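The values are calculated or read from the model by the stated rules, or taken from the named source; none is laboratory data. Remember, it's a predicted structure, so these values are computed and weren't measured experimentally. Note that each Cβ is placed from the backbone with ideal geometry, even for glycine, and that neighbours are counted across all protein chains shown. Heavy atoms of the whole protein, side chains included, go into the accessibility calculation; ligands, DNA and RNA do not. Shrake-Rupley method; radii C 1.70, N 1.55, O 1.52, S 1.80 Å.
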Amino acid sequence: MTKQRQLIYDVVNAAPVHLTAEEIFIKAKSCMPEIAQATVYNNLNYLTDHGIIRRLSILGENDRYDRNVMPHAHLICDKCKAIADVEVADLSWLGIFTKKPVTSFDLTLHDVCDKCGNA
């Protein structure tokens, strides 16, 4: 793994939240001032294409990146847009409808988080 790719992976892996590419670029640049924005975007594509990290595409929002590549859903607050990981039950039974095994899924749930609900 190149040192740039490792840095980008480390930024995503250390983040307590799901960062945008721009946020990852800013954090990476603070550690490696010579890193180019295109390098960050290209490496994010590589890392997602190879299943090392996960891209979250949310309608009307910038893509975000998740270190957790295990099957799970995302819960998004409709007010502050905070994203939380949500474990879901085994969905392999869906294969009875497709006649093939389910290899992955994207499930996004919406609500108002406790912080916004109490405000």
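Yes or no: residue 27 part of a helix (DSSP H, G or I) and modelled with pLDDT of 95 or more? Yes; evaluated as a whole, the condition is true for this residue.
One line per residue, one yes/no per condition, for (1) free of Cβ contacts under 8 Å to residues at least 60 places away in the same chain; (2) open to solvent by less than 40 Å² (accessible area, probe 1.4 Å); (3) under 9 Å from the mean Cα position of the chain (by Cα):
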residue: 40; (1), (2), (3): yes, yes, no
residue: 45; (1), (2), (3): yes, no, no
residue: 50; (1), (2), (3): yes, no, no
residue: 57; (1), (2), (3): yes, no, yes
residue: 71; (1), (2), (3): yes, no, no
residue: 74; (1), (2), (3): yes, yes, no
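Close Cβ contacts (under 8 Å, 6 or more residues apart or on different chains) running from residues in segment 1-28 that are more than 18 Å from residue 63 (Cα to Cα) to residues that are open to solvent by 50 Å² or more (accessible area, probe 1.4 Å) comprise 1/9; 5/46; 7/31. Taken over segment 76-111, the residue count meeting the criterion of being open to solvent by less than 60 Å² (accessible area, probe 1.4 Å), assigned to a loop (DSSP other than H, G, I, E, B) and either modelled with pLDDT of 90 or more or in contact with a helix residue (DSSP H, G or I) (Cβ under 7 Å, 6 or more places away or on another chain) (or both) is 2.
Yes or no: residue 61 free of Cβ contacts under 8 Å to residues at least 24 places away in the same chain and more than 15 Å from residue 17 (Cβ to Cβ)? Don't jump to the end; show me each part of the working.
On the way: free of Cβ contacts under 8 Å to residues at least 24 places away in the same chain: yes; more than 15 Å from residue 17 (Cβ to Cβ): no.
Taking the combined requirement at face value, the residue does not satisfy it.
Collect the residues in segment 5-37 that are surrounded by 12 or more Cβ atoms within 10 Å (Cβ to Cβ) and of a type in the set (Ser, Thr, Tyr), keeping them in residue-number order. Scanning segment 5-37 gives 9, 20.
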